[in-house]
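Heads up: the structure comes next, in structure tokens.
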Amino acid sequence: MTGTPLTGDPSTLGEQPALLTVDGAVKRYRDRTALDGVSLTVAPGETVGLVGESGSGKSTLARLALGLLTPDAGTVRFAGRDPSRLRGRADRAVRGRLQFVPQHPRGSLNPGLRAGEAVAFALRLHGTLRRDRPAAVARLFEQVGLAPGLADRYPRELSGGQLQRVAVARALATGPDLVVCDEPTSALDRSVQARLLDLLTELQQRTGLAYLFISHDLAVVRHLAHRVLVLRHGRVLEEGPAAELWDAPAHPYTRALLEAATGRTPGT
Ligand SMILES: Nc1ncnc2c1ncn2[C@@H]1O[C@H](COP(=O)(O)OP(=O)(O)O)[C@@H](O)[C@H]1O
Ligand SMILES: [Mg+2]
């Protein structure tokens, strides 16, 4: 963890300068506008939930936040920097403060690397000395609730839930202040999902990291988000504290999402 101490206490969220600021972001793919002027902030220690149906622009926003894409208009800043321009040794520390947990860990983990090696590789990129890496890998495995023996397994020898924990350990390896999670539980069974969400919550309480947590499932976001934005056709339709949105959604679309997620009519 770098920078000022973070609390994660919801009562103080928003009083600190934002870690991530997206301002008026527009992103087009040829003739298709994926994002049409989206603004959001994530404060230190905060979890911002981003919900919307498939194709609403969630992953595009994640990739902008991570600096993997640049906006056609508008700006993206992480810790005051353009995340797409974090390069070289000098920016390594800042780059490590911004991390990612993808939807499909099987696709993002190198099939030829053992789980422990994948985490060690992230440590190496972050500049952890070779001799310190084994102990750091063991500590990270413990933090994410993985038995030490699993470090020797290849991705194909791990379950979806275990793979996601490896992905979380790899993200934690660089001491992030913000982890962008793009539908991290969508490919998991309900019970495995709940335990991963509990892990993410616990890690936040312990380390004060912030999440931009993306899901098409409002019920999942409700579990851990302090604040929720509803994205539709590349625009923010509604945003507010999770509890308020849950109890009194302003927009019929949000209401429909809630009903789909819970099977109940909001406010009842
Ligand atoms: N690389 C791409 N090239 C062209 N169109 C894309 C590309 N990526 C996403 N899109 C389109 O942009 C829109 C938003 O996609 P995406 O951000 O992946 O949404 P979500 O993650 O909410 O499902 C969709 O209409 C999708 O088809
Ligand atoms: Mg997506």
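The values are calculated or read from the model by the stated rules, or taken from the named source; none is laboratory data. Just so we're clear, the structure is a prediction, and the values are computed from it rather than from any experiment. Cβ: placed from backbone, ideal geometry, glycine included. Neighbour counts: every protein chain shown.
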| Does residue 77 qualify as being touching an Asp or Glu at 6+ places or on another chain (Cβ under 9 Å) and at pLDDT 90 or above? | yes
| query | Since residue 55 meets every condition but one in (1) away from ligand 2 (no atom under 16 Å from the Cβ); (2) closer than 20 Å to residue 233 by Cβ; (3) free of Cβ contacts under 8 Å to residues at least 24 places away in the same chain, which condition does it not meet? | reply | (1)
| query | Scanning region 175-189 for residues that are buried (at least 21 other Cβ atoms within 10 Å of the Cβ) and over 12 Å from residue 104 (Cα atoms), which turns out farthest from ligand 2 (Cβ to nearest atom)? | reply | 177
| query | Residues of region 148-191 being in a loop (DSSP other than H, G, I, E, B), farther than 18 Å from residue 122 by Cβ and not assigned by TED's automatic domain parsing to the domain that holds residue 42, which ones? | reply | 159
| request: Go over the candidates 196, 188, 172 one by one and state the one that is within 19 Å of residue 150 (Cβ to Cβ), touching a Leu at 6+ places or on another chain (Cβ under 8 Å) and modelled with pLDDT of 95 or more. | output: 172
| query | Only one of (1) within 16 Å of ligand 2 (Cβ to nearest atom); (2) surrounded by fewer than 21 Cβ atoms within 10 Å (Cβ to Cβ); (3) among the β-branched types (Val, Ile, Thr) fails for residue 192. Which number is that? | reply | (1)
| task | May I ask you to list the residues in region 54-90 that are away from ligand 1 (no atom under 15 Å from the Cβ), in a helix (DSSP H, G or I) and among the hydroxyl-bearing types (Ser, Thr, Tyr)? | result | 84
| note | Counting only residues that are part of a helix (DSSP H, G or I) and either over 14 Å from the mean Cα position of the chain (by Cα) or touching a residue at least 24 places away in the same chain (Cβ under 8 Å) (or both), region 199-233 contains a total of 15
| task | Select, from 147, 167, the only residue that is small (Gly, Ala, Ser) and surrounded by 12 or more Cβ atoms within 10 Å (Cβ to Cβ). | result | 167
| Given (1) modelled with pLDDT of 95 or more; (2) touching a helix residue (DSSP H, G or I) at 6+ places or on another chain (Cβ under 8 Å); (3) among the aliphatic types (A, V, I, L, M), where does residue 135 come up short, assuming only one miss? | (2)
| Condition test on residue 167, is it touching a strand residue (DSSP E or B) at 6+ places or on another chain (Cβ under 6 Å), closer than 21 Å to residue 41 by Cβ, away from ligand 1 (no atom under 16 Å from the Cβ) and of a type outside the set (Lys, Arg)? | no
| said: I need the full set of residues from region 203-224 which are more than 16 Å from ligand 2 (Cβ to nearest atom) and over 16 Å from residue 101 (Cα atoms), in order please. | reply: 205, 206, 207, 208, 219, 222, 223
| residue 194 vs. criteria among the hydrophobic types (A, V, I, L, M, F, W, C) and under 16 Å from residue 120 (Cα atoms) | no
